[in-house]
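Encoded as structure tokens, the structure appears first; notes follow it.
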Amino acid sequence: MPQFDATIKHIKDGVKSFTVAAATKNIEGWEATLEKLDTPGTKGIIRDLESLKKHLHAEPLDGAAIQKLIAKLGKETVAIAGKADGKNADKIKALGEALSSAAEDTKAA
């Protein structure tokens, strides 16, 4: 899935480099991907992605809530990586770790 690589690249470039429109498009792509999976934990991630979209479109932005959601998504994503099969498991884990790292970077900023 090329979406893994694109998302990880955006996250590593820094969450502030993501425009709200780009982040929303990326989130919607992940929601569509996750809806096709029958892996325990995906429904919770989809709910959190939907919540993240709402937070990104709120005025004013609640940085603490966004950081908390990104951290939660990181943990959830790493958790489902163990349930995934094949080569995607490593990419899912890398994505979760990138999200967790971004949450920590945002927290420190």
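Odds and ends about this structure:
- Residues satisfying the stated conditions in the range 51-88, i.e. farther than 20 Å from residue 100 by Cβ, touching a helix residue (DSSP H, G or I) at 6+ places or on another chain (Cβ under 9 Å) and not hydrophobic (A, V, I, L, M, F, W, C): 57
- Among the candidates 81, 64, residue that is among the hydrophobic types (A, V, I, L, M, F, W, C), surrounded by fewer than 17 Cβ atoms within 10 Å (Cβ to Cβ), over 10 Å from the mean Cα position of the chain (by Cα) and more than 21 Å from residue 22 (Cβ to Cβ): 64
- Residues satisfying the stated conditions in the range 14-54, i.e. closer than 18 Å to residue 104 by Cβ, surrounded by 13 or more Cβ atoms within 10 Å (Cβ to Cβ) and not β-branched (Val, Ile, Thr): 18, 48, 52
- Taking residues in the range 15-35 that are more than 21 Å from residue 84 (Cβ to Cβ) and among the aromatic types (Phe, Trp, Tyr), and partners anywhere that are modelled with pLDDT under 90 and surrounded by 12 or more Cβ atoms within 10 Å (Cβ to Cβ), the pairs with Cβ atoms closer than 6 Å and at least 6 places apart or on different chains are 18/10.
The values are calculated or read from the model by the stated rules, or taken from the named source; none is laboratory data. Because the structure is predicted, anything quoted here is derived from the model rather than measured. We place every Cβ from the backbone using ideal geometry, glycine too, and count neighbours over all the protein chains shown.
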